[in-house]
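Let me begin by presenting the structure, written as structure tokens, before commenting on it.
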Amino acid sequence: MIGRMNRIDSPYAARRARLAAQLGAGGIAIIPTAPVQPRNRDSDFPYRPDSYFYYLTGFDEPDAWLLLAADGRATLFCQPKDAEREIWDGYRLGPEAAPGVLSLDGAHSVAELDALAPKLLENTRTVWYPFATHPGLESRIDGWLQKVRARVRFGALAPETQRDACVLLDEMRLVKDAHELAIMRRAGQISARGHIRAMQRSSAMLRAGQDVREYHLEAELLHEFRQHGSEFPAYTSIVAAGANACVLHYRAGAAPIKDGELVLIDAACELHGYASDITRTFPANGRFSGPQRTLYELVLASQDAAVAATRPGARFNEPHEAAVKVLAQGLLDTGLLDRNKVGSLDDVIEKRAYFPFYMHRTSHWMGMDVHDCGSYVEPGEVGQVSERTDPLSGEVIKDRPSRILRPGMVLTIEPGLYVRPAAGVPEALWNIGIRIEDDAVVTEAGCELMTRGVPVAADEIEALMRA
Ligand code: GLY
Ligand code: MN
Ligand code: MN
């Protein structure tokens with residue numbers, strides 16, 4: 001988030017210029033920030049600005065709007081200076097200082113928005129705003145457009161088209177610029193340190209004969225994130241002991257972490273508006289058992305295959321397909337899947353017989369939002385639709401060619417295996433849940449993993465947990 005009165009020319013102004021150039025003659029974009037979210041009674045959740053708004057302004061106060069015209073003129077509406085409110089709620093930049101600090105062409109009090117927005121919309125042709133993201137935004141804009149229409153008899157032109165600003169902004173945000181990648185690398189490093197700290201606390205507490213709970217390890221993560229300036233966790237931390245690791249959206253709770261169990265931690269920090277996303281799975285006491293190591297090495301091999309498939313020119317689906325192939329072969333080799341029932345490797349993949357053990361995808365885009373925006377379909381190929389019947393649900397699914405990876409795109413690579421107790425499943429493997437997740441930026445040569453400050457090799461994890 002910005003420091004008070006820091007001048008921010010770039011990269012926000014550069015992004016606004018790129019967006020303005022895509023609005024078309026007579027276009028105008030309206031981008032509001034996020035509202036304050038009440039938590040209970042008169043307490044609010046910690047404030048976080050809207051990702052699109054912050055991407056274009058670097059401004060982190062609530063109650064703010066950006067209006068950007070196709071000629072590049074940028075107008076901010078923000079909270080007015082208010083000596084009394086600032087005593088209670090803190091400093092406000094205010095419309096007088098905002099143009100200088102944020103390199104804008106003009107700024108007004110947000111109290112004037114309903115009066116001034118119709119004037120800014122007059123004689124424009126297309127209004128761009130983020131569709132279906134801010135409840136009430138459409139009707140607010142309708143009200144402004146009605147005021148513009150009331151002036152057409154005096155020769156004013158009213159916009160005739162409304163378009164979704166997300167379409168332009170999602171494409172821009174999908175390919176990260178140098179400023180974004182520098183923050184994301186740092187976020188990945190901080191998160192990695194949090195994981196190391198949690199691993200070491202687990203084995204140290206067990207060695208000391210202490211009662212280890214999931215929240216003890218969560219506390220280590222949060223300490224490390226905040227210690228290095230992260231504003232928030234990027235998402236709710238998962239710290240899952242033993243069987244809890246098989247619950248995909250488990251939260252860090254109070255369950256005991258027992259000697260001999262695995263712990264799955266999916267937790268990472270948000271730094272200056274950018275997420276990181278790391279999962280590590282480790283033995284609570286610092287030593288993998290034989291069956292735990294067998295499955296761990298299998299998930300790691302599948303991640304290696306997915307990493308190798310993450311390179312410019314490859315499709316977004318290719319890392320997933322590479323991971324599935326390794327996992328499916330491993331499920332046959334370990335006897336988790338019975339060849340006599342499920343057939344060959346190709347059958348397992350085609351019929352999705354691996355699904356009871358691996359039921360999520362391997363990747364998602366990551367950026368300001370942990371599950372970031374950006375189309376997963378290659379834009380030039382949206383018309384190439386093929387149909388297939390899902391072998392498990394029987395549902396007919398329309399497929400379009402998956403996105404071609406380009407340098408600067410950031411995606412997670414996070415295969416896993418989750419073994420619930422079931423007939424025909426070797427009991428030694430019951431309740432083992434393993435996921436290994438790293439954040440990759442596509443480079444000219446392949447990809448760079450931004451989160452390897454915490455190791456993944458079983459031996460390296462054991463070594464650091466002995467330390
Ligand atoms: N932590 C959210 C995810 O891995 O997708
Ligand atoms: Mn993820
Ligand atoms: Mn994750």
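Okay, here's what the table says:
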| read-out | value |
| --- | --- |
| In region 119-168, the residues that are over 19 Å from residue 23 (Cα atoms), of a type in the set (S, T, N, Q) and either part of a helix (DSSP H, G or I) or open to solvent by 80 Å² or more (accessible area, probe 1.4 Å) (or both) | 139, 146 |
| Residue pairs meeting the criteria (Cβ under 9 Å; at least 6 apart or on separate chains; first at pLDDT below 95, in region 165-178; second open to solvent by less than 30 Å² (accessible area, probe 1.4 Å) and of a type in the set (Gly, Ala, Ser)) | none |
| Members of region 413-437 that are farther than 16 Å from residue 338 by Cα and either open to solvent by less than 50 Å² (accessible area, probe 1.4 Å) or in a strand (DSSP E or B) (or both) | 413, 414, 415, 416, 417, 418, 432, 433, 434, 435, 436, 437 |
| Number of positions in region 348-405 that are touching a residue at least 40 places away in the same chain (Cβ under 8 Å), within 16 Å of ligand 3 (Cβ to nearest atom) and out of contact with any Lys or Arg (no Cβ under 8 Å at 6 or more places or on another chain) | 11 |
| Residue check, residue 111 modelled with pLDDT of 95 or more, small (Gly, Ala, Ser) and open to solvent by less than 60 Å² (accessible area, probe 1.4 Å) | no |
| Output for region 407-418, where each listed residue is closer than 21 Å to residue 52 by Cβ and more than 13 Å from ligand 3 (Cβ to nearest atom) | 408, 409, 410 |
| Region 235-257: number of residues that are open to solvent by 20 Å² or more (accessible area, probe 1.4 Å), within 13 Å of ligand 1 (Cβ to nearest atom) and in contact (Cβ under 8 Å) with a residue 60 or more places away in the chain | 2 |
| Residues located in region 26-49, provided they are in contact (Cβ under 8 Å) with a residue 24 or more places away in the chain and either over 21 Å from residue 88 (Cα atoms) or not in a loop (DSSP other than H, G, I, E, B) (or both) | 26, 27, 28, 29, 30, 31, 32, 33 |
| Failed item in (1) part of a loop (DSSP other than H, G, I, E, B); (2) open to solvent by 70 Å² or more (accessible area, probe 1.4 Å); (3) free of Cβ contacts under 8 Å to residues at least 60 places away in the same chain, with residue 459 passing the rest | (1) |
| Residues of region 181-215 that turn out to be assigned to a helix (DSSP H, G or I), of a type in the set (Gly, Ala, Ser) and within 18 Å of residue 283 (Cβ to Cβ), as a count | 4 |
| Selection from region 381-412 of residues that are of a type in the set (Lys, Arg) and loosely packed, with under 15 Cβ neighbours inside 10 Å | 388, 398, 406 |
| Meets criteria (out of contact with any Pro (no Cβ under 6 Å at 6 or more places or on another chain), under 30 Å from residue 206 (Cβ atoms) and among the aromatic types (Phe, Trp, Tyr)) for residue 316 | no |
| In region 258-269, the residues that are within 13 Å of ligand 3 (Cβ to nearest atom), assigned to a strand (DSSP E or B) and open to solvent by less than 10 Å² (accessible area, probe 1.4 Å) | 264, 265, 269 |
| Residues of region 331-382 classified as within 16 Å of ligand 1 (Cβ to nearest atom) and touching a strand residue (DSSP E or B) at 6+ places or on another chain (Cβ under 8 Å), total | 17 |
| Condition met for residue 268 (modelled with pLDDT under 95, touching an Asp or Glu at 6+ places or on another chain (Cβ under 7 Å) and within 16 Å of ligand 1 (Cβ to nearest atom)) | no |
| Residue within region 244-266 that is acidic (Asp, Glu) and over 22 Å from residue 293 (Cα atoms) present | no |
| Region 192-217 - residue that is within 30 Å of residue 365 (Cβ to Cβ) and open to solvent by 50 Å² or more (accessible area, probe 1.4 Å) and, of those, nearest to ligand 2 (Cβ to nearest atom) | 193 |
| Options 171, 180; residue that is closer than 23 Å to residue 56 by Cα and open to solvent by 40 Å² or more (accessible area, probe 1.4 Å) | 171 |
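To keep it simple, each residue is scored yes or no on (1) in contact with an Asp or Glu (Cβ under 6 Å, 6 or more places away or on another chain); (2) open to solvent by 10 Å² or more (accessible area, probe 1.4 Å); (3) modelled with pLDDT of 95 or more.
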{"position": "7", "(1), (2), (3)": "no, yes, no"}
{"position": "19", "(1), (2), (3)": "no, no, yes"}
{"position": "64", "(1), (2), (3)": "no, no, yes"}
{"position": "75", "(1), (2), (3)": "no, yes, yes"}
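The values are calculated or read from the model by the stated rules, or taken from the named source; none is laboratory data. These numbers come from a predicted model, not from an experiment. Neighbour counts run over all protein chains shown; Cβ positions are idealised from the backbone, glycine included. Just the protein is used for accessible areas: all its heavy atoms, side chains included, with ligands, DNA and RNA removed. Shrake-Rupley method; radii C 1.70, N 1.55, O 1.52, S 1.80 Å.
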